[in-house]
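Here the structure comes first, spelled out in structure tokens, and everything after it is commentary.
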Amino acid sequence: MLTKDFFYRLPDELIAQKPLADRDMSRLMLLNRKTGAVSHDIFRNIIKYLNPGDCLVLNDTRVIPARLFGVKEKTGAAIEFLLLNRLEKDVWEVILRPGRRAMPGSKFIFGDCLRAEVLSVVNDGNRLVRFYYDGLFENILDRLGEMPLPPYITEKLEDKERYQTVYSKNEGSAAAPTAGLHFTDELLDRIRDMGVKIAFLTLHVGLGTFRPVKTDRIENHKMHSEFYSIDKGTADMINEAKGNGKRVVAVGTTSARTLESVTENGRVKAGSGRTDIFIYPPYKFKMVDALITNFHLPESTLLMLVSSFAGRENTLAAYETAIKERYRFFSFGDAMFIY
């Protein structure tokens, strides 16, 4: 299948630059993946489309302030580090901007309390870097780092917590699982009260999620691996719902990718590791029965995943409807419920 088969034209003014004042007041498009039928609501009413016994699966990763601005030790040249993956306690894979002269042995200074040395050059020109500091790295990062907003968001985010889900817990992501941004604590309580099970897994989102597919044929695209973790209690809850004939509802493409990565013989297997699963048509889902997701970039791996779940024609037709109806797109935009 060709990458261009997933292209659509989006007016720039429909790219949401800021989150709404109320998380759960985003618009909600409902898409029946069997018929292609579309209807409209607001996210607060998602409760109307869930059933007692369903299992709602959310990704509890937390975005770290992964952008660091500093200077090269010898020359004073400005540098930006974007933290991707923590490989050891003080060793990270990072993107350097600009990075073409940052060879192994290059040293950098950030603020008054953080230094770094490039250890090696790895895939895609990224670097392995060791940090040197006193105290807790997390505290230093919180003080010096900035939130790594997607490149299509050009306005400053006043409140960092608006790029976190209300249930974010495990730090490690370079990007938010944005389908979860629509939930409030009150809405989650209402969902629990109606008998829906809520399960949490972790997938630390890497910046590969924003990288365009540059190959002509999608099957030639290579996904970057991301860390996941799912505990026994979560696996048991999901398997019980599935065994009772209830739906497993994935909140976001990250939850969907994790569930599909850990499903064997119709059951979710607890554990942790790394996944580089790339889901595109005609993939057949093994665990996910319904999907809550945002509207994604043209020719992106996320749009390909949604297309494999709802059908490419249904998905692109729904996106055209969303454009006509002036939905808000991407990270701070509106949501879809695909069932």
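Data table
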{"quantity": "Sorted by Cβ neighbour density within 10 Å, fewest at the top, the residues MET336, MET1, MET287", "calculated": "MET1, MET287, MET336"}
{"quantity": "For region 57-71, Karplus couplings with θ = phi - 60° (6.51, -1.76, 1.60), whole Hz, Gly/Pro x", "calculated": "10, 10, 9, 8, 4, 10, 6, 9, x, 7, 9, 10, 10, x, 9"}
{"quantity": "Given charges at beta-carbon only (K, R positive; D, E negative), |dipole| of the chain in Debye", "calculated": "680 debye"}
{"quantity": "Order of LYS156, LYS246 under a 10 Å beta carbon neighbour criterion, fewest first", "calculated": "LYS156, LYS246"}
{"quantity": "Region 96-241: relative contact order as a whole-number percent, Cα under 8 Å and 6+ apart", "calculated": "13 percent"}
{"quantity": "Ranked LYS286, LYS242, LYS89, criterion: other C-beta atoms within 10 Å, fewest first", "calculated": "LYS89, LYS286, LYS242"}
{"quantity": "On Cα atoms only, tilt of 253-262 relative to the major axis of the chain in degrees", "calculated": "90 degrees"}
{"quantity": "The chain, helix-only ellipticity at 222 nm - DSSP H runs n ≥ 4, -39,500 (n - 2.57), divided by all residues, nearest 500", "calculated": "-5500 deg cm²/dmol"}
{"quantity": "Per-pair calculated FRET efficiency, R0 = 30 Å: ILE42 and LEU2 via Cβ, rounded to 0.05", "calculated": "0.25"}
{"quantity": "Length-normalised contact order of region 67-144 in % [C-alpha pairs under 8 Å, at least 6 apart]", "calculated": "26 percent"}
{"quantity": "Inter-centroid distance (Cα atoms) of region 115-145 relative to region 28-86, Å", "calculated": "24 Å"}
{"quantity": "Efficiency of FRET between ALA317 and ARG274 - r from beta-carbon atoms, R0 41 angstrom, step 0.05", "calculated": "0.70"}
{"quantity": "For region 105-112, 3J(HN,Hα) per residue [Karplus equation, 6.51 cos²θ - 1.76 cosθ + 1.60, θ = phi - 60°, Hz, x = Gly/Pro]", "calculated": "x, 5, 10, 9, 10, 10, x, 10"}
{"quantity": "With Cα atoms, 0 to 90° folded angle of helix 232-243 axis to the chain main axis", "calculated": "20 degrees"}
{"quantity": "Percent RCO, i.e. relative contact order, over the chain, from Cα pairs under 8 Å lying at least 6 residues apart", "calculated": "25 percent"}
{"quantity": "Region 148-170 and region 294-339: distance between their alpha carbon centers, rounded to Å", "calculated": "21 Å"}
{"quantity": "Rounded tilt (10° steps) of 312-324 against the dominant C-alpha axis of the chain", "calculated": "80 degrees"}
{"quantity": "Loop chymotrypsin sites (Phe, Trp or Tyr not before Pro), region 1-106 (other Cβ atoms within 10 Å of the site Cβ: 15 or fewer; DSSP)", "calculated": "PHE7, TYR8"}
{"quantity": "Linear extension gain, TYR132 paired with ASP216, 0.36 nm per residue minus alpha-carbon span", "calculated": "26.0 nm"}
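Any read-out appearing in this document is the output of simple, stated calculations on the displayed coordinates, not a laboratory observation. For clarity, every value in this text was computed on a predicted model and none was experimentally measured. No Cβ is skipped: glycine too gets one built from the backbone with ideal geometry, and neighbour counts run over all protein chains shown.
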